[in-house]
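Worksheet: one structure, shown below.
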Amino acid sequence: MIVLGACAVWSLITATAHDGRPEGVLLAVLAVAAGYASGRILGALLPVAAPCAGALAGLGLAFTAAYTTPGPQLTAPLGHGGATAALLALSTGAACCAAWAARRPAQRLALRLLAVGIVVTAAALGSTTGCAAGAGVLLCSLAADRMRRRALGLGGLAFAAALVAGATWAIAENVLPDGLTASLEGQLTEHRVLLWRDALHLAGDHPALGVGPGRYGELSPTVTQSLLPDGKPHSAPWQQAAEQGLLGVALLAAVFCWILYSLWRSPRATTIALTAGAALTALAVIASLGNALSFTTVTAGAGLLAGLATAHPLVDEDLESVLNTGNEPLGNRLEP
């Protein structure tokens with residue numbers, strides 16, 4: 001509550017200072033809070049059915065993502081590919097969490113096949129990023145069964161997210177070798193890199209308060225010269241830096257760190273905590289390269305998955321897992 005409240009208050013402060021529009025940030029904060037609260041409740045009552053239903057709902061939303069609007073906007077919405085990829089990654093994570101929470105081997109097999117089906121669906125939809133992210137989440141979920149200390153796994157996920165964010169800065173600042181920069185720009189498109197450079201330039205000119213929420217599109221030369229601008233730099237960290245200053249970036253990082261910390265302290269099994277962490281890290285990576293967090297369905301889904309993975313189930317699933325499978329000592333499953 002403190003972290004999310006700080007995000008909301010800081011957006012209002014920066015909007016007041018520069019006549020910005022904080023509605024999008026406030027809507028995202030509300031979506032995360034609502035999704036997290038719902039996940040905590042549903043995860044306690046329905047530890048298997050709730051994430052399974054969430055996976056199916058996310059899959060359905062991915063089919064219609066091209067027809068959704070990314071929050072309150074005044075321009076034509078673009079960047080639906082990132083939202084689709086994010087929804088598919090979260091859906092895969094939810095299906096894997098449901099599989100690990102299931103009691104019977106047949107249930108686990110069916111739910112894992114659902115996760116595989118989501119990855120195949122991503123490929124069928126033409127979402128290369130969604131397919132890669134979903135496959136990564138699925139592999140991390142399977143590997144989580146070998147992980148005894150979740151802190152090590154969550155630390156690795158945090159490092160991966162920070163590495164991608166750092167790579168976007170290196171590309172925008174052109175500090176990488178010329179050949180590598182050219183290769184990455186070819187994958188990301190020159191237009192996106194120019195958007196990042198505009199965001200960094202605005203952040204450098206206004207490091208304390210930024211230019212105000214929702215005002216990046218007004219001040220970015222690349223956006224003003226685009227035929228169909230959406231007013232976004234297509235990178236969550238650099239949008240925060242440009243519109244809300246360095247403290248805005250710190251608050252965004254604090255939200256991600258808070259989620260990982262909650263997963264570390266979660267009473268759920270280590271496999272569930274690491275699976276959810278992998279899916280949310282995939283979302284963080286996608287958000288570093290696009291505007292996925294501008295879509296309310298994505299932010300609400302992220303909060304829902306975090307809530308499901310940190311809920312206090314009414315039945316001790318660790319004890320049930322040991323009694324049903326007998327493949328791991330109880331002490332190892334309970335170690336955070």
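The values are calculated or read from the model by the stated rules, or taken from the named source; none is laboratory data. All of these numbers come straight from a predicted model, not from anything done at the bench. Using ideal geometry, Cβ is built from the backbone for each residue, glycine included, and neighbour counts are taken over all protein chains shown. Just the protein is used for accessible areas: all its heavy atoms, side chains included, with ligands, DNA and RNA removed. Shrake-Rupley method; radii C 1.70, N 1.55, O 1.52, S 1.80 Å.
Just a few scattered comments:
- Filtered residue count, the stretch 179-216, keeping only those that are surrounded by 13 or more Cβ atoms within 10 Å (Cβ to Cβ) and under 15 Å from Ala15 (Cβ atoms): 9
- Long-range neighbours under 8 Å by Cβ, at least six apart or interchain, first residue more than 27 Å from Thr64 (Cβ to Cβ) and among the small types (Gly, Ala, Ser) within the stretch 83-106, second open to solvent by 10 Å² or more (accessible area, probe 1.4 Å) and not in a helix (DSSP H, G or I): Ala101/Pro47; Ala101/Val48; Ala101/Pro313; Ala102/Val48
- Candidates Leu163, Leu154 - the one that is open to solvent by less than 60 Å² (accessible area, probe 1.4 Å), among the aliphatic types (A, V, I, L, M), at pLDDT 95 or above and within 27 Å of Ala241 (Cβ to Cβ): Leu154
- With respect to the stated conditions, Thr92 is of a type in the set (Val, Ile, Thr) and either more than 26 Å from Ala287 (Cβ to Cβ) or buried (at least 23 other Cβ atoms within 10 Å of the Cβ) (or both).
- Within the stretch 27-67, considering residues that are among the hydroxyl-bearing types (Ser, Thr, Tyr) and assigned to a helix (DSSP H, G or I), the one most open to solvent (accessible area, probe 1.4 Å): Tyr67
- Identity of the residue in the stretch 102-114, in contact with a helix residue (DSSP H, G or I) (Cβ under 6 Å, 6 or more places away or on another chain) and within 17 Å of Gly58 (Cβ to Cβ), that ends up most open to solvent (accessible area, probe 1.4 Å): Arg112
- Subset tally (residues that are open to solvent by 60 Å² or more (accessible area, probe 1.4 Å) and within 16 Å of the chain's Cα centre (by Cα)) for the stretch 122-139: 2
- The one condition in (1) touching a residue at least 24 places away in the same chain (Cβ under 8 Å); (2) of a type outside the set (A, V, I, L, M); (3) more than 22 Å from His80 (Cβ to Cβ) that Asp205 fails to fulfil: (1)
- Number of residues in the stretch 1-26 that are more than 19 Å from Ala250 (Cα to Cα) and either surrounded by 22 or more Cβ atoms within 10 Å (Cβ to Cβ) or under 18 Å from the mean Cα position of the chain (by Cα) (or both): the value is 1.
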